Amino acid sequence: MTKLVEVALPLEAISVASRRDKDRKVGSIKNVHKWFAPMPTPAWRALLFASLVDDPGDGDERKKLLHLIERLVPEHGGAPDNDTLAEARKVLQEATGGNPPIIFDPFCGGGSTLVEAQRLGLPAAGSDLNPVPVLITRVLTELVPQVQGRTALVGDPKQLKGLQGSPLEGFLADCRHYAERVREQVWNEIGHLYPDPPGGGTVIAWLWARTVVCPNPVCRAVAPLMSSFWLSKKKGFETWLEPMDAKPGAAVRFEVRTGAGGPSHAKGTMARTAARCLTCEQPIPLDHVRFEGRAGRMSVQLMAVAVDQADGRRYLDPLKAVTTAPTITRPPGTIDLEMPEQALGFRIQLYGMTNYADLFTNRQLVVLGAFAGAVAQVPEWVRADGGDEIYARASATVLGLCVGKLATFNSTQGRWWTRNGPSKIQPAFTRHALPMVWDFGEANPFGGSVGDWLRQVGSLSVGLSALPTQSQHAHVYQADARQPVRLTTPALLATDPPYFAQIGYADLSDYFYVWLRRALSSTEPDLFATVATPKATELIAAPYRHGGSKQAATDYFVSGFTEAFHNLAAACTVDLPMLVVYAHRQEESSDDGSLGSTAWTAMLTAILSAGLKIVGTWPIHATTSGRQIGIGTNSLASYVVLVCRTQDPNAKVIDRQGFLSALRADLPRAIRKLQEGAISSIDLGQATIGPGMAIFSRFARVIEPSGEAMTVDDAIHLIGSVQGEVLNDFVGDLDGPTRWAMDWYRAHGFDFAPFDDAEKVFKTTNTSLDGLVKAGIIESRGGKVRLLAREELTANWSPDEDQDVTVWEVTQHLVRLLTVGGGEDAAAALLKRARRWSDEARNLAYWLSLNVARSRPKEALDYDALVTSWPEIARRAEREPTRESGTTGSMFTEDS
């Protein structure tokens, strides 16, 4: 039976909720512990529901189900209301005859798949090769559900802020009690290492910079390596460091300054290719910095101390501060784990940091070791207070995760983030990498601010409060996805597998693993039997694990996933689809200039080689407001969901021309759906691969003229070529002035060029110089022509008052209003009056973004902003009152 997920989804609602979920800073399972690139929980909620209910065929009945899914993914990004959940659970029970299949995720990651299965009242199980995600998911879905509803042993629920009345209040109150006991023990042991500052208050952070000796033989000063001298940019409280007494052969002294003006060295001393010595002003090549680091001669210098007092924040000069940090030696036996010589996202080895202990100051090593050691005693404390084994285990694992969370704020990876609000330490892993950090903040884990122990416990407690209630606990275990699946009941496979060569999950996880192991090796012995996370069998395409060969890494990835999908398909229920999510963008240019993707080729080859076909694809647009990587990079803003089924044994064989005809017949409709779902133009090329491969996998084989079977890579290139044809067709019938502007913009942007160049385009677009000047989109003087930039167009332009409206004008004014002229409301007001050009304007925005992405990335981002904001602009336009024209007295009506 065809499932709803194979036919229809309310993509816009799912994408909106997914973006909100990505942006949420509190009240999400992401607060429980760091994991890399988690799938948004609203998306899984919708996908799992739609994969288990049959498509009713009837339009009205389908609309009811789609409306229910919309209610399941509320706009705020959180959980739906209880009535909606109850209705959804009832529908699922009816759809599965009261015996729903188990939801199984063999790459469980941060646990979102299983959490949302439980929220829908479904049984769940998961596994992962990496013990860190297994631990996170085990806590969320296996351990915590077993302690819901328990009364507190020793804790006081009244101390829980905002969590009273929760089914977890007793358990969380006890976690808080044992966390305070842990803190007390650690403070008694090492609290002297965190002295109070002179003048009172509490130190929240010590701010450090790495240093090297200047290579200039005349200078030889100790040069601080700093990205910025700002300490605070909060309005009215601006504070910075000012270098003083910069003398050859000595360290530079700094003073804290406040008020107007800012630092004399606003950009710090670090640039992409070299540092700068504050004493002699000579560049310090990065090769010298790396050499000094590898020789063990890179040091650190205390720059300032951030102190919170009753009347606000102040910063102390280093000479006025009190710190014991320089006198602390590295504790023996805390960490002794070498980093790989090369790894995805690692850069620090170039600077002599080769052991995971090098990521922490000696004081941080001491304090993290102390907290881990204290947490290891928690099970004994719980049992002594009358708790049973599951309660002791759950309490300890939750506090063990808090040790991992503490490590993200207490390492040399923690940058000091100056912003308009209070400055603070950023945690490690703002990217999926361990880069070199020059100046960093060392948090006070007893300071009550960012990086404080009890704040980690509070944050995790709020994350746990987002879990579903009254759910049966899952089974989560460590396993290689290529091994036979340990399931005894029918299953629906839903997974978000590793992203080819984008994230080095295991290597990065060792950052946490070394601390989690110290805290939980006795509590979760099955996960911490080895000194590090498994690497050799990890399913990523890491060339350094294959002698540096990218091809060998790709072959390993394909063969591994082919085997995995074979096993997984065998374990799944035959009448259910399989959901595979992919969100990686990696493009390479081919000889003909088209774009391919090694990552997509590898994953799709594995899926098809396992005897599966793609029956549906859905893009979930989930760009966050804080997205760090934009256009021109290999970062995909959208998750692409592949809906797979077992290949039909009677599938036909077709030739290349037949496949090309099928693409040209069906791909335009698929691209329209992608656009209607507000897929980013940046991601459109990669997202189109999905429906293109759905067409490809209809057939048993596609035969090339040579008689050989077409490869997935060749199919992807052909899909890209047809996509280009489709997008050109979408804009092929636009008005002449718009087509002239498109050709001109692609060649010259907004620059002047000879009239002869313009005249050639006049002839091909049936336009004239006078007509374009009259249209108000070009300027002509001195024998040259220029396209007017958006900000030069008439500010109060209205289609009501223009006798010759062009799609170019509509699009440019929409972009101008959206980006600098009032935002979505202003753009919606214009779209209301220009809706007869709506589809053409959106098509043009797509075309412009794609055609200038590499040459004019800032412009492309502006057009892409219009594309991704289009559904919201259109929705607001529907609410806009119809406006009368000020000169003609006419107005647009529904029949216009």
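The values are calculated or read from the model by the stated rules, or taken from the named source; none is laboratory data. Just so it is clear, the model here is predicted, and its values are computed rather than measured. Virtual Cβ from ideal backbone geometry, glycine too; neighbours counted across all protein chains shown. Heads up: the accessible areas ignore ligands, DNA and RNA and are worked out on the full protein's heavy atoms, side chains in. Shrake-Rupley method; radii C 1.70, N 1.55, O 1.52, S 1.80 Å.
Quick check: the distance between the Cα centres of the range 362-418 and the range 3-66, to the nearest angstrom?
Each part reduced to its Cα centre gives a spacing of 33 Å.
Could you pull out every one of the aspartates and glutamates with an alpha carbon less than 16 Å from that of K234, ignoring same-chain neighbours closer than 8 positions?
Straight-distance partners of K234: D308, D311.
What ³J(HN,Hα) values, in whole Hz, does the Karplus curve 6.51 cos²θ - 1.76 cosθ + 1.60 give for the range 476-493 when θ = phi - 60°, with x put for Gly and Pro?
10, 9, 8, 6, 7, 5, 7, 8, x, 6, 8, 10, 10, 10, x, 9, 10, 7
Under 18 Å from a point placed 7 Å out from the Cα of D770 along the Cα-to-Cβ direction: which residues of the range 788-808 have their backbone N that close?
803-804
Classify the range 254-379 as rounded, prolate or oblate, taking a ≥ b ≥ c as the square roots of the eigenvalues of its Cα gyration tensor: rounded when a/c is under 1.5, otherwise prolate if a/b is larger than b/c and oblate if not.
Oblate, since a/c reaches 1.5 and b/c is not below a/b.
Tell me, what % of the accessible area of the range 383-464 is carbon and sulfur with a 1.4 angstrom probe?
48
As an exercise, use a Förster radius of 22 Å and the Cβ-Cβ distance of E189 and A529 to find the FRET efficiency, rounded to the nearest 0.05.
0.20
Near the amide H of K3, under 5 Å away, which other amide H atoms are found, from residues 5 or more places off or on another chain, if H is placed in the peptide plane?
Correct list: D55.
How much accessible area per residue does the chain have, in Å², with a 1.4 Å probe?
40
Of all the accessible heavy-atom surface of the range 282-352, with the other protein chains kept in place and a 1.4 Å probe, what percent is carbon and sulfur?
Carbon and sulfur: 51 percent of the exposed surface of the range 282-352.
Can you list residues whose amide H is under 5 Å from I703's amide H, if they're 5+ apart or on another chain and H is modeled 1.01 Å from N?
For I703, whose amide H was placed from the backbone, the distant partners under 5 Å are I654, D655, R656, M710.
Calculate, in whole percent, how much of the Cα-Cα pair population of the range 673-819 lies beyond 19 Å.
Value for the range 673-819 (Cα pairs over 19 Å): 63 percent.
Looking at the range 66-167, which GluC sites (Glu not before Pro) are DSSP coil and have at most 16 other C-beta atoms within 10 Å of their C-beta?
The qualifying sites are E75.
Give me the log10 of I(q) over I(0) for the chain at q = 0.05, 0.09, 0.10 Å⁻¹, as the Debye formula computes it from C-alpha points; what are the numbers?
-0.33, -1.07, -1.27
Share of the range 139-276's accessible area from carbon and sulfur, percent, 1.4 Å?
Carbon with sulfur: 50 percent of the solvent-accessible area.
Could you estimate the translational diffusion coefficient of the range 55-114 from the Stokes-Einstein equation, with Rh from the Kirkwood formula over C-alpha pairs, at 25 °C and 0.890 mPa s, in whole µm²/s?
D, rounded to a whole number, is 183 µm²/s.
Classify the range 78-233: rounded, prolate or oblate, from the alpha-carbon gyration tensor (a ≥ b ≥ c, eigenvalue square roots; a/c under 1.5 rounded; otherwise prolate if a/b is larger than b/c)?
Since a/c reaches 1.5 and a/b is larger than b/c, the shape of the range 78-233 is classed as prolate.
So what's the convex hull volume per residue for the Cα atoms of the range 521-563, in Å³?
So the per-residue hull volume is 72 Å³.
Output the relative contact order of the chain, whole-number percent, from Cα pairs under 8 angstrom with separation of 6+ residues.
Computed over the chain, the figure is 12 percent.
Which order do the peptides 144-156, 204-216 take when ranked by the mean count of other beta-carbon atoms within 10 Å per residue, highest first?
Packing proxy ranking, top to bottom: 204-216, 144-156.
Once amide H atoms are placed 1.01 Å from N in the peptide plane, what residues at a sequence separation of 5 or more from L612, or on another chain, have their amide H within under 5 Å of its amide H?
Counting only residues 5 or more places away or on other chains, the set is Q647.
How much mean residue ellipticity at 222 nm does the chain get from its helices, if each DSSP H run of length 4 or more adds -39500 (n - 2.57) and you divide by all residues, to the nearest 500 deg cm²/dmol?
Roughly -13000 deg cm²/dmol at 222 nm, from the helical runs in the chain.
Can you tell me what percent of all Cα-Cα pairs in the range 315-387 are more than 13 Å apart?
Cα-Cα pairs of the range 315-387 separated by over 13 Å account for 75 percent.
Go through K63/K652; K763/K832; K235/K267 and tell me which ones have a Cα-Cα distance over 26 Å in this structure.
K63/K652; K763/K832
Would you mind calculating the gained length between H432 and T646 on full extension (0.36 nm times residue separation, minus the Cα-Cα distance), in nm to one decimal?
Residue separation times 0.36 nm, minus the Cα-Cα distance, leaves 73.6 nm.
Please list, in order along the range 800-816, the HN-Hα scalar couplings obtained from phi with the Karplus expression 6.51 cos²θ - 1.76 cosθ + 1.60 (θ = phi - 60°), rounded to whole Hz, x for Gly and Pro.
5, 10, 10, 6, 10, 5, 10, 4, 4, 5, 4, 5, 5, 5, 5, 5, 4
Take the cross-link list K34/K320; K424/K550; K405/K535; K158/K424 and give me the ones stretching past 32 Å between alpha-carbons.
Pairs exceeding the cut-off: K34/K320; K424/K550.
Rank by packing, highest mean first: peptides 721-731, 508-518, with packing defined as the count of other Cβ atoms within 10 Å averaged across residues.
Highest-to-lowest ranking by the protection proxy: 508-518, 721-731.
From the backbone phi of the range 708-714, what are the Karplus-calculated ³J(HN,Hα) couplings (6.51 cos²θ - 1.76 cosθ + 1.60, θ = phi - 60°) in whole Hz, Gly and Pro given as x?
7, 6, 5, 7, 4, 4, 5
Under 11 Å from a point placed 7 Å out from the Cα of E87 along the Cα-to-Cβ direction: which residues of the range 48-77 have their backbone N that close?
Inside the label zone: 64-72.
List the GluC sites (Glu not before Pro) within the range 277-356 that fall in a DSSP loop (any state other than H, G, I, E or B) and whose Cβ has at most 12 other Cβ atoms within 10 Å.
Answer in residue order: E281, E341.
In what sequence, highest mean first, do 221-228, 773-780 appear when ranked by Cβ atoms within 10 angstrom?
Averaged packing, sorted descending, gives the order 221-228, 773-780.
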